[in-house]
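Notes to accompany the following structure.
The values are calculated or read from the model by the stated rules, or taken from the named source; none is laboratory data. All of these numbers come straight from a predicted model, not from anything done at the bench. SASA here: full protein model, heavy atoms, side chains in, ligands and nucleic acids out. Shrake-Rupley method; radii C 1.70, N 1.55, O 1.52, S 1.80 Å.
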Amino acid sequence: MDRASIEPAIKLIIAEIHSKLGEATRIAKAAQASAQNGAVAEGVEVSMDIEQLIYEAGRLHDAASLLNRLATD
C-alpha cells in the first residue's frame with residue numbers, strides 16, 4: 001500500500017488514542033481523589049469507566065500498527 005495515503009490515517013488514529021487516554025487520565029484522577037477522600041468504593045466505581053477507554057485505545061493501536069506494517073510491505 002502507498003505510505004502517503006496511509007500516514008494521514010495513522011495520524012488520525014494516534015490522535016484518537018491520545019484523546020481516549022487523556023479521558024482515561026481524567027477519570028483516574030477523579031477516582032484517586034474520591035479514594036483519597038475516604039470514598040474508596042466510589043473511587044472504584046468511577047474507575048470502572050477506564051476499562052472501555054483502554055480497550056478502545058488498544059484496538060486503535062493495533063490498527064495503527066497494522067497500517068504501518070502494510071505501508072512498509
Can you tell me the equivalent ellipsoid semi-axes for the chain? Use √(5λ) from the Cα gyration tensor, largest first, whole Å. 36, 10, 6
So what is the 222 nm mean residue ellipticity for the chain from helices alone, if each DSSP H run of at least 4 adds -39500 (n - 2.57) and you divide by all residues, rounding to the nearest 500 deg cm²/dmol? -31000 deg cm²/dmol
Send over a whole-number figure in Å² for the accessible area per residue of the chain, probe 1.4 Å. 70
Rounded percent of accessible protein surface that carbon and sulfur make up, the chain, 1.4 Å probe: 59
